[in-house]
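Right, one structure below, let's go through it.
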Amino acid sequence: MDKFLIEGGKCLQGEVRISGAKNAALPIIAAALLVKGPLTISNLPALHDVNTMLALIGRMGVSVERKADMQVCIDSSSIDSYSAPYELVKTMRASILVLGPLLAHFGEAEVSLPGGCAIGSRPVDLHIRGLEAMGAKIVVEEGYIRATSDGRLKGATIFFDTVTVTGTENILMAATLAQGQTIIENAAKEPEVTDLAQCLISMGADISGAGTDTIIVNGVAELHSAEHSVVPDRIETGTFLVAAAMSGGKVTTTATRPDIQEAVLQKLIEAGATIESGDDWISLDMQGKRPKAVNITTAPYPAFPTDMQAQFAAMNCVAEGTSHIKETIFENRFMHMQEMIRMGAKILIDGNTASIEGCTQLRGAPVMATDLRASASLVMLALVVQGETLIDRIYHIDRGYENIEEKFQGLGGKITRISPSKAT
Ligand code: EPZ
């Protein structure tokens, strides 16, 4: 298993290009199952999860043609299977996103239950209930969701009693081909949902209200080919900006969008950063100062994103002052904190709230990545504290960050990947 060897004490300076958003790319790849004909997707991030999703639809007989770098052309005209098997779904929960499109376009789908993951039980009951409300017949047995629809799905009014990002995306995709109107209430407002909706509209879907809590879809008989460029990754952007803030440095992120990450930028300003931005760039300058600790409560967009919680925990560990972090979305998303404590962090965890006393005495240590954003937060802390850190199980990080070591090296970070297989 690959590891990262990191030498700390660095002040990050320079410019880094942000990739397309993983959490937009995954549903947009699934949306290709809705149309007979090519869907061309550009600004696709080179991530393990993207490769897994492309492999999943490839196994269904869908043609996947990689064009220029960061571009792929998908054509589901040749599809010959409607099944998403456990051995692929267990490696990536977002595989559940093929359920709605397969059902809506082909009238059948067999998708393995994703199971839980490190950060929580991650149920998919809301996805299933929504599709049943649209007329799907769904049986969950032997670890699989087996769904059929007798003719077209029917439009329905669906209220999500918990805001669910992929739940909203599954119903949104299914509704584009349903008979009649679907109203999704208490819908997720994340920019990745809006990006998916914009792609679907370019394919001929009739959607209004994406980005608000009520999305209205008037079903159409069929969708057509289109081209779409994936929205920049606001979580990758935030990760590099927080890393810069922790190191007292100055970093500019390019090919990104400041208008979809207000909550994070506000917290960085509260931490003492000077933020400047343009249409497609954001720069952060700490002017050599130590950041001030900030209190965080995670919540659905546009509030502070749970996917940035671990990164701010890392910053608070070295910041000036005491802070409190409250995680309201997932039941087990503090595992990075146990690893940070191994580096000397002063953290007290009480249920879904953590109290952190910032200190400057942290030192590198051998640690282990547990989930995607947790592993990024350990890299950030290791780059800043004195001493050497060895991070194990970094396959988690490769799932969601494109070339993270090269990007940090480009900012002056001392990080190298150790691949045991190559070491022999
Ligand atoms: C998406 O996961 C993201 N993944 C996650 O990013 C992100 O953390 C999460 O949204 C919240 O923003 C993708 O978009 C691929 P949810 P998702 O359904 O859709 C409960 C990352 O690091 N719930 O919005 O799976 C659920 O338990 C990943 O990139 C149900 O109860 O999350 C949770 O408490 C991690 N029943 C809450 O809703 C359901 O049927 C929000 O989960 C579905 C969800």
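The values are calculated or read from the model by the stated rules, or taken from the named source; none is laboratory data. A quick note: this is a predicted structure, and the numbers were derived from the prediction, not measured. In this analysis, Cβ positions are derived from the backbone assuming ideal geometry, glycine residues included, and neighbour counts consider all displayed protein chains.
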> residue 413 versus (1) surrounded by 18 or more Cβ atoms within 10 Å (Cβ to Cβ); (2) under 17 Å from the mean Cα position of the chain (by Cα): which is the lone unmet condition?
Replying inline: (2)
>> Step by step: first the residues of segment 5-38, then only those that are of a type outside the set (A, V, I, L, M) and buried (at least 24 other Cβ atoms within 10 Å of the Cβ), then the one that is farthest from residue 173 (Cα to Cα). Which residue is that?
In response: 19
> Just one of 98, 140 is β-branched (Val, Ile, Thr) and not in a helix (DSSP H, G or I); which is it?
Replying inline: 140
> Can you name the number of the only condition in (1) within 16 Å of the ligand (Cβ to nearest atom); (2) more than 27 Å from residue 40 (Cβ to Cβ) that residue 235 fails?
Replying inline: (2)
> If we keep just the residues of segment 284-302 that are touching a residue at least 60 places away in the same chain (Cβ under 8 Å) and within 20 Å of the chain's Cα centre (by Cα), which is farthest from residue 233 (Cα to Cα)?
Replying inline: 300
> If you check every pair at least six apart or on different chains, which have Cβ atoms under 6 Å apart with a residue in segment 123-145 that is under 20 Å from residue 93 (Cβ atoms) and within 8 Å of the ligand (Cβ to nearest atom) first and a residue that is of a type in the set (Phe, Trp, Tyr) and assigned to a loop (DSSP other than H, G, I, E, B) second?
Replying inline: 126/160
> Scanning segment 284-306 for residues that are of a type in the set (A, V, I, L, M) and within 16 Å of the ligand (Cβ to nearest atom), which turns out surrounded by the most Cβ atoms within 10 Å (Cβ to Cβ)?
Replying inline: 296
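Residues checked against (1) without any contact (Cβ under 8 Å) to a residue 12 or more places away in the chain; (2) buried (at least 16 other Cβ atoms within 10 Å of the Cβ):
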position: 371; (1), (2): no, yes
position: 386; (1), (2): no, no
position: 397; (1), (2): no, yes
position: 400; (1), (2): no, yes
position: 409; (1), (2): yes, no
>> As an exercise: evaluate residue 325 against (1) among the aliphatic types (A, V, I, L, M); (2) within 18 Å of residue 238 (Cα to Cα); (3) surrounded by fewer than 16 Cβ atoms within 10 Å (Cβ to Cβ) and give the number of the one condition it does not meet.
In response: (3)
>> Taking the condition of being more than 24 Å from residue 299 (Cα to Cα), in a helix (DSSP H, G or I) and hydroxyl-bearing (Ser, Thr, Tyr), how many residues in segment 180-210 meet it?
In response: 1
> Hey, does segment 246-266 have a residue that's closer than 25 Å to residue 404 by Cα, at pLDDT 95 or above, touching a strand residue (DSSP E or B) at 6+ places or on another chain (Cβ under 9 Å) and within 16 Å of the ligand (Cβ to nearest atom)?
Replying inline: yes
> Does residue 340 qualify as being under 20 Å from the mean Cα position of the chain (by Cα) and of a type outside the set (Gly, Ala, Ser)?
Replying inline: no
> How many residues, within segment 161-179, are near the ligand (Cβ under 8 Å from one of its atoms) and part of a loop (DSSP other than H, G, I, E, B)?
Replying inline: 3
> Would you say residue 120 is farther than 14 Å from residue 171 by Cα, more than 7 Å from the ligand (Cβ to nearest atom) and surrounded by fewer than 20 Cβ atoms within 10 Å (Cβ to Cβ)?
Replying inline: no
> Looking at segment 258-283, which of the residues that are more than 24 Å from the chain's Cα centre (by Cα) and part of a strand (DSSP E or B) is surrounded by the fewest Cβ atoms within 10 Å (Cβ to Cβ)?
Replying inline: 276
>> If residue 1 meets every condition in (1) at pLDDT 95 or above; (2) closer than 23 Å to residue 419 by Cβ; (3) more than 15 Å from the chain's Cα centre (by Cα) apart from one, which number is that one?
In response: (1)
> Can you tell which of 69, 75, 80 is more than 16 Å from the ligand (Cβ to nearest atom), surrounded by fewer than 15 Cβ atoms within 10 Å (Cβ to Cβ) and under 28 Å from residue 190 (Cα atoms)?
Replying inline: 69
